[in-house]
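To start, the structure under review is shown below, and the notes come after it.
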């Protein structure tokens with residue numbers, strides 16, 4: 001729990017706020033931090049006379065004390081133990097009975113803090129929601145506070161107006177760097193560092209520690225500690241490859257985020273000179289991206305927002321819009337012909353600049369339980385902010401613009417770029433690249449492939465390689481999109497004309513119309 005979160009809780013208690021919902025990825029660390037905050041031995045600003053009882057609760061243990069004052073208050077709540085010493089079943093394990101016990105006014109619990117683990121799981125239980133709502137007035141009357149823990153919050157209407165929501169952010173890079181340093185020191189002092197084969201333990205230097213701290217961004221404290229500890233090796237010090245693999249495994253558990261493995265670089269992107277130039281300038285300029293987020297088939301992900309009468313899709317879209325605005329996230333939209341390189345570009349950019357690459361899948365955040373989808377998308381945004389701060393860069397791709405609302409288009413401040421069919425000059429380096437990649441002989445003639453996309457060139461070269469046939473023969477299996485979907489292509493070009501940027505030539509896109517070449521004329525490059 002951050003210092004800012006602890007301060008906000010103190011301020012809320014100072015004015016007798018009875019209900020607080022804290023969105024935290026690590027409730028155990030949050031409870032420990034609260035215990036330290038009100039411990040006079042660990043916080044010199046805390047007086048011994050005003051230490052509040054702190055009591056935790058979960059569905060397995062029922063109530064349990066966090067500090068000595070909490071132990072005394074809990075004894076009054078639970079009453080005397082069974083005189084026969086029989087274990088019995090504690091009623092406070094039941095959430096409804098536990099809330100009834102907290103509701104009762106006892107002198108020993110005045111000013112107490114009650115911590116409820118996994119409280120989001122109780123929000124679809126009408127009795128539990130009512131039980132929390134009942135705590136408002138009696139808790140405010142004697143400065144008691146109920147703090148509800150969950151990874152993220154979307155409160156039911158019965159609690160939304162009466163509960164203060166505090167988002168406890170994931171650890172900063174500086175905090176993670178300190179954590180890495182502490183783990184390295186612990187490892188150096190442990191038996192694990194005494195290698196029996198005589199290999200000495202060599203502690204990583206400051207640069208390696210700082211690099212590890214940055215790599216751990218997006219993890220809560222506990223998984224960051226585990227990832228670091230498991231990545232320490234005698235011979236190599238801190239194994240960054242292992243660290244990234246373990247970190248990616250944790251991130252992949254965040255519903256809606258997929259960690260991409262990048263293979264291609266910008267050197268593999270041919271014929272899209274203008275947009276590649278724009279993206280290089282972005283990554284080499286001020287406020288360079290810290291993470292690339294892919295938004296694949298954006299129009300399909302947002303297709304249900306208009307017809308969804310549950311409000312879930314609208315809430316997901318609103319959360320993305322708010323996050324992009326509040327955190328000043330930016331990016332661009334690639335719109336155009338399927339197979340023209342829109343998806344390849346995002347992975348290649350991440351590889352070229354050694355950036356983490358994630359795919360945001362809004363469909364995957366949707367859950368079957370009430371509030372599950374809303375919590376999942378907020379958790380995605382929280383994780384992205386922890387990884388990239390204000391330097392999260394979105395690369396969206398789409399084959400249609402009708403379902404993408406204007407407020408979302410406006411968030412992509414680097415523009416909408418149209419990916420058209422390429423002329424012979426732009427397509428020539430694409431042929432060269434795939435001929436080399438698939439070991440096509442120089443004697444094998446390039447087929448007359450008018451208005452092909454880069455994906456169709458790749459498919460032709462790959463088919464020739466796999467089938468041990470000529471390019472001319474492989475070309476017979478290709479039906480280019482310019483023929484298969486001519487009406488769709490014409491509609492795209494008409495929409496993009498003068499309104500979007502040209503991914504190949506730069507500047508506003510110009511519809512080629514009836515031009516014999518079938519491609520837009522070249523315009524002035526962006527950075528000439």
Length gained if residue 252 through residue 469 is fully extended, taking 0.36 nm per residue and subtracting the Cα-Cα distance, is 74.0 nm
Of all DSSP beta bridges with both partners in the chain, the antiparallel percent, nearest 5, is 20
Expressed in angstrom, Rg and Dmax over the Cα atoms of region 3-167 are 15.2, 48
Full extension between residue 406 and residue 445 adds, at 0.36 nm per residue less the Cα distance, a length in nm of 9.4 nm
Residue separation between residue 64 and residue 2 times 0.36 nm, minus their alpha-carbon distance, gives in nm 20.0 nm
Pseudo-spin-label distance residue 300 to residue 164, built 7 Å along Cα→Cβ, given in nm, is 4.6
CD proxy, 222 nm, the chain: helix-only mean residue ellipticity via -39,500 (n - 2.57) per DSSP H run with n ≥ 4, per residue, nearest 500, stands at -12500 deg cm²/dmol
Where a ≥ b ≥ c are root eigenvalues of the Cα gyration tensor, a/c under 1.5 meaning rounded, otherwise prolate if a/b exceeds b/c and oblate otherwise, region 424-484 counts as oblate
Once both label points are put 7 Å beyond Cα along the C-beta direction, the residue 15-residue 100 separation in nm becomes 3.5
Computed from the beta carbon distance with a Förster radius of 51 Å, FRET efficiency for residue 186 and residue 497 to the nearest 0.05 stands at 0.20
With a ≥ b ≥ c from the Cα gyration tensor eigenvalues, square-rooted, and the rule rounded for a/c under 1.5, otherwise prolate when a/b > b/c and oblate otherwise, region 137-293 is oblate
For region 3-167, percent of DSSP beta bridges that are antiparallel (nearest 5) comes out at 20
The simple spin-label model distance between residue 174 and residue 327, using points 7 Å out along Cα→Cβ, in nm, is 2.0
Note on the chain: contact order normalised by length, alpha-carbon pairs under 8 Å, 6 or more apart, percent, works out to 13
With Cα coordinates, the longest principal axis of the chain makes an angle with the long axis of helix 454-467, in degrees rounded to 10, of 80
Rounded to the nearest 10 degrees, the helix 27-37 long axis (Cα) sits at an angle to the longest Cα principal axis of the chain of 50
Measuring from the longest principal axis of the C-alpha atoms of the chain, the long axis of helix 221-230 (C-alpha) lies at a number of degrees, nearest 10, equal to 70
For 385-391, 286-292, ranked highest to lowest by mean beta-carbon neighbours within 10 Å, the order is 385-391, 286-292
Percent relative contact order for region 3-167, counting Cα pairs under 8 Å at least six residues apart, stands at 36
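No lab work stands behind these numbers, since they all come straight from the coordinates. Keep in mind it's a predicted model, so treat the numbers as computed, not measured. Cβ coordinates were reconstructed from backbone atoms using ideal geometry, including for glycine residues, and neighbour counts include every protein chain displayed.
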